[in-house]
Amino acid sequence: MSPSPEEPAGPPEPPALTEALARVGDRWKLTIVAALLDGPRRFGELSEAIDGIAPNVLSQRLRQLEESGLVLAVPYCRRPARFLYELTAAGHDLAGVLRLLTGWGARHAGGEPLRHASCGSPLEARWYCPTCREPADDGGSRDQVFYA
């Protein structure tokens with residue numbers, strides 16, 4: 001039975017999550033960001049690094065990431081116009097998110113978890129307060145996490 005027009009379909013989508021998904025909400029954008037975490041790359045290098053992405057899709061997603069302030073396109077040749085793509089500070093901030101998604105994917109898809117380079121133990125993400133350096137029990141309330 002579908003909800004009547006007067007009844008809401010569910011809780012409203014959190015504004016902070018909505019904004020984040022608008023900027024990086026598809027697999028290609030996150031894959032491009034992950035490929036750029038190692039450093040700047042040219043278009044052809046990105047195309048080779050990302051399996052299955054069509055050149056027109058790569059161009060479109062790079063433009064969108066640039067418009068979102070996550071990627072910077074630095075020209076290195078004027079004729080024809082060619083660019084070196086690199087992450088902005090905001091793009092680099094997504095590294096933690098990508099690690100969390102990678103860990104989640106490994107746990108739920110049977111892949112290999114991220115491991116500590118020194119001892120080989122699986123890594124875990126934990127919320128903590130950077131001021132008092134104490135761990136938070138559940139990462140804060142849902143409102144604090146999603147509605148920031």
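Structure summary
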item	result
Answer residue from region 28-47, given it is exposed (fewer than 12 other Cβ atoms within 10 Å of the Cβ) and free of Cβ contacts under 8 Å to residues at least 12 places away in the same chain and is farthest from Pro15 (Cα to Cα) among those	Gly44
Enumeration of residues in region 78-121 that are farther than 21 Å from Ile32 by Cβ and open to solvent by less than 40 Å² (accessible area, probe 1.4 Å)	Gly120
Single unsatisfied condition, Gly69 versus (1) out of contact with any Gly (no Cβ under 6 Å at 6 or more places or on another chain); (2) at pLDDT 85 or above; (3) not in a loop (DSSP other than H, G, I, E, B)	(3)
Region 130-140, subset closer than 27 Å to Ala106 by Cβ and in a loop (DSSP other than H, G, I, E, B), residue modelled with the highest pLDDT	Pro130
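The values are calculated or read from the model by the stated rules, or taken from the named source; none is laboratory data. Note that the structure is predicted; figures quoted are calculated from it, not measured. Cβ coordinates were reconstructed from backbone atoms using ideal geometry, including for glycine residues, and neighbour counts include every protein chain displayed. The accessibility values were calculated without ligands, DNA or RNA, using every heavy atom of the protein model including side chains. Shrake-Rupley method; radii C 1.70, N 1.55, O 1.52, S 1.80 Å.
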